[in-house]
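Trainee: If you scroll down you'll find the structure; I have some questions about it.
The values are calculated or read from the model by the stated rules, or taken from the named source; none is laboratory data. This structure is a prediction, so every number in the text was calculated from the model and none was measured. Glycine gets a Cβ as well: all are built from the backbone with ideal geometry, and neighbour counts include every protein chain shown.
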Amino acid sequence: KQEVTQIPAALSVPEGENLVLNCSFTDSAIYNLQWFRQDPGKGLTSLLLIQSSQREQTSGRLNASLDKSSGRSTLYIAASQPGDSATYLCAVLDQGAQKLVFGQGTRLTINP
Amino acid sequence: NAGVTQTPKFRVLKTGQSMTLLCAQDMNHEYMYWYRQDPGMGLRLIHYSVGEGTTAKGEVPDGYNVSRLKKQNFLLGLESAAPSQTSVYFCASSYSGRGNEQFFGPGTRLTVL
């Protein structure tokens with residue numbers, strides 16, 4: 001059974017810092033990996049999608065990497081801003097491309 | 001383009017009552033999903049559909065039923081609500097042509113007393 005773990009559970013950093021969020025998964029037979037952002041009381045916003053054949057994806061100040069063989073992904077946020085404060089969720093889609101398994105998330109706080 | 005919408009946004013039920021949550025998407029996506037989100041448990045898949053007229057069980061299907069009579073709509077039903085079904089419910093949709101990237105609705109907060 002696929003299990004997804006995100007460490008740390010919470011992270012607080014001063015504005016302007018570059019930071020890395022970690023995600024690990026137990027079964028490397030995945031179809032893709034998706035990073036989401038969730039603001040309190042809101043739905044999930046898709047940030048980046050990495051297909052199983054890809055190594056990384058970039059969008060603005062965000063860069064996500066994927067190492068399938070080691071079962072790891074990282075989300076790099078450059079020049080963090082208070083508006084980046086949210087919970088970040090990592091999820092992997094099984095190779096049948098039907099079931100998304102989520103991590104517990106990392107609650108990120110950027111202090112002005 | 002509204003994306004994924006959910007109705008209602010909030011609901012309070014008494015134990016034993018029934019209700020239907022509606023999810024609609026205007027992106028012509030093939031796949032649709034229902035999840036629940038609970039503190040400490042994360043997001044878990046309840047049921048999903050890979051096309052109009054088809055449904056399948058996810059990780060936590062007990063106590064729920066679903067229907068996908070139209071491609072753009074996915075309904076989640078609770079026949080006899082229980083306090084354990086108090087949760088935030090999210091609907092999502094995806095399209096194989098976009099690598100199955102899932103797009104989520106704003107959620108329905110359900111409380112069962």
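Trainee: Counting only residues that are surrounded by 18 or more Cβ atoms within 10 Å (Cβ to Cβ) and more than 8 Å from chain A (Cβ to nearest Cβ), which one in the range B:24-34 is farthest from B:G107 (Cα to Cα)?
Mentor: B:H29
Trainee: What number goes with the only condition from (1) away from chain B (no Cβ under 14 Å); (2) touching a Pro at 6+ places or on another chain (Cβ under 9 Å); (3) not small (G, A, S) that A:T106 does not pass?
Mentor: Of (1) away from chain B (no Cβ under 14 Å); (2) touching a Pro at 6+ places or on another chain (Cβ under 9 Å); (3) not small (G, A, S), only one is false for A:T106: (1).
Trainee: For chain A, which fully contained strands (runs of 3 or more DSSP E) count at least 3 residues that are within 11 Å of the chain's Cα centre (by Cα)?
Mentor: In chain A, A:4-7, A:19-25, A:30-38, A:44-51, A:62-67, A:72-77, A:86-94 are the strands (runs of 3 or more DSSP E) which contain 3 or more residues that are within 11 Å of the chain's Cα centre (by Cα).
Trainee: Which condition breaks for B:A81 when tested against (1) crowded, with 19+ Cβ neighbours inside 10 Å; (2) in a loop (DSSP other than H, G, I, E, B); (3) within 12 Å of another protein chain (Cβ to nearest Cβ)?
Mentor: That leaves (3) as the condition not met.
Trainee: Further, regarding this structure: Hey, any hits in the range B:7-22 for a residue that's surrounded by fewer than 13 Cβ atoms within 10 Å (Cβ to Cβ) and in contact with a helix residue (DSSP H, G or I) (Cβ under 9 Å, 6 or more places away or on another chain)?
Mentor: Scanning the range B:7-22, I find at least one residue that is surrounded by fewer than 13 Cβ atoms within 10 Å (Cβ to Cβ) and in contact with a helix residue (DSSP H, G or I) (Cβ under 9 Å, 6 or more places away or on another chain), so the answer is yes.
Trainee: I've got another one for you. Looking at B:G63, is it small (G, A, S), in a loop (DSSP other than H, G, I, E, B) and closer than 25 Å to A:Q104 by Cβ?
Mentor: Values: small (G, A, S): yes; in a loop (DSSP other than H, G, I, E, B): yes; closer than 25 Å to A:Q104 by Cβ: yes.
Yes: the conditions hold for B:G63.
Trainee: Restricting the search to the range B:36-60, which residues are under 16 Å from A:T87 (Cα atoms) and outside any strand (DSSP E or B)?
Mentor: B:P39, B:G40, B:M41
Trainee: Restricting attention to the range A:20-57, which residues are more than 17 Å from B:Q37 (Cβ to Cβ) and touching a helix residue (DSSP H, G or I) at 6+ places or on another chain (Cβ under 9 Å)?
Mentor: Within the range A:20-57, A:L49 is the sole residue that qualifies.
Trainee: Kindly provide the set of residues from the range B:57-80 that are among the charged types (D, E, K, R), without any contact (Cβ under 8 Å) to a residue 24 or more places away in the chain and touching an Asp or Glu at 6+ places or on another chain (Cβ under 8 Å), ordered by number.
Mentor: Scanning the range B:57-80 gives a single hit, B:K70.
Trainee: Also: Take the residues in the range A:45-86 that are in contact with a Lys or Arg (Cβ under 7 Å, 6 or more places away or on another chain) and closer than 18 Å to A:F25 by Cβ, then tell me which one is surrounded by the most Cβ atoms within 10 Å (Cβ to Cβ). Steps first, please.
Mentor: Here is the first cut: in the range A:45-86, the residues in contact with a Lys or Arg (Cβ under 7 Å, 6 or more places away or on another chain) are A:45, A:47, A:52, A:65-66, A:77-79, A:86.
Keeping just the survivors that are closer than 18 Å to A:F25 by Cβ gives A:47, A:52, A:65-66.
Values: A:L47: 19, A:S52: 16, A:S65: 18, A:L66: 25.
My answer is A:L66.
Trainee: Would you confirm whether or not the range B:94-105 contains a residue that is within 9 Å of chain A (Cβ to nearest Cβ), assigned to a loop (DSSP other than H, G, I, E, B), surrounded by 14 or more Cβ atoms within 10 Å (Cβ to Cβ) and at pLDDT 95 or above?
Mentor: Checked the range B:94-105: at least one residue is within 9 Å of chain A (Cβ to nearest Cβ), assigned to a loop (DSSP other than H, G, I, E, B), surrounded by 14 or more Cβ atoms within 10 Å (Cβ to Cβ) and at pLDDT 95 or above.
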